[in-house]
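The values are calculated or read from the model by the stated rules, or taken from the named source; none is laboratory data. Since we're looking at a predicted model, the values are computed, not measured. With ideal geometry, Cβ positions are generated from the backbone for all residues, glycine too; neighbour counts draw on all protein chains shown.
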Amino acid sequence: AHASDDPLPAGQPIVIDMGAKIDGYCSDLTRTVCLGEPADPNTFWTVYNTVRAAQQAALERIHPGMTGTEADAIAREIITQAGYADAFGHSLGHGVGLAVHEGPRLSRFYEDRLEPGMVVTIEPGVYLTGWGGIRIEDLAVVREDGLEVLSQSPKDPIISSNW
């Protein structure tokens with residue numbers, strides 16, 4: 001992305017990545033919005049549903065002792081099966097704490113194991129050249145029995161009818 005004076009395009013997905021820092025600790029959250037109804041509703045909802053399914057699977061299946069590579073593979077498999085392997089160019093997530101990006105990494109190249117108490121993002125995304133992208137990111141803490149999602153924001157895409 002880059003800054004410009006161009007107006008935001010109606011009907012196109014807009015990925016908004018945000019966070020806050022309180023008492024020295026960071027947060028991270030991403031949601032996708034669309035100004036007006038999607039210009040290409042079939043692509044929009046197919047990509048959105050793929051990303052949402054990938055994130056949900058990761059949130060349900062990640063557990064302590066799993067490597068970052070194993071965690072990333074959960075979401076990557078769903079995105080690949082949907083035909084978007086080349087459109088998921090980043091990792092599934094990263095640690096968050098005193099810095100917004102820190103270890104552990106939930107990526108194809110991170111073999112360290114997740115431990116209880118670690119705070120991580122789960123943020124699969126699909127980005128299509130000439131169309132845009134969709135990402136859903138939530139913050140979660142690794143617990144003994146899996147992940148506890150800390151984010152409280154709704155995940156449904158925000159489609160503004162007042163555009």
I'm told Gly68 meets every condition in (1) free of Cβ contacts under 8 Å to residues at least 60 places away in the same chain; (2) out of contact with any helix residue (DSSP H, G or I) (no Cβ under 9 Å at 6 or more places or on another chain); (3) more than 22 Å from Val149 (Cβ to Cβ) except one. Can you identify the failing condition by its number? (3)
Here the residues within the stretch 9-45 that are surrounded by 11 or more Cβ atoms within 10 Å (Cβ to Cβ), more than 21 Å from the chain's Cα centre (by Cα) and on the phi < 0 side of the Ramachandran plot are Pro9, Ala10, Glu37, Ala39, Asp40
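Residue-by-condition table, conditions (1) of a type in the set (D, E, K, R); (2) at pLDDT below 95:
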residue	(1), (2)
Gln81	no, no
Tyr84	no, no
Pro104	no, no
Asp112	yes, yes
Tyr127	no, no
Leu139	no, no
Gly146	no, no
Ser160	no, yes
Filter the stretch 45-87 down to residues that are farther than 14 Å from Arg135 by Cα, assigned to a helix (DSSP H, G or I), touching an Asp or Glu at 6+ places or on another chain (Cβ under 8 Å) and not small (Gly, Ala, Ser), then give me how many there are. 2
Could you list all residues from the stretch 79-118 that are surrounded by 21 or more Cβ atoms within 10 Å (Cβ to Cβ) and of a type in the set (A, V, I, L, M)? Ile79, Leu92, Val96, Leu106, Leu114
I'm told Arg52 meets every condition in (1) of a type in the set (Lys, Arg); (2) within 24 Å of Ile14 (Cα to Cα); (3) over 13 Å from the mean Cα position of the chain (by Cα) except one. Can you identify the failing condition by its number? (3)
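Rundown of residues vs (1) in contact with a helix residue (DSSP H, G or I) (Cβ under 8 Å, 6 or more places away or on another chain); (2) part of a loop (DSSP other than H, G, I, E, B), yes/no style:
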| position | (1), (2) |
| --- | --- |
| Gly89 | no, yes |
| Leu98 | no, yes |
| Asp138 | yes, no |
| Val141 | no, no |
| Glu148 | no, no |
| Pro154 | no, yes |
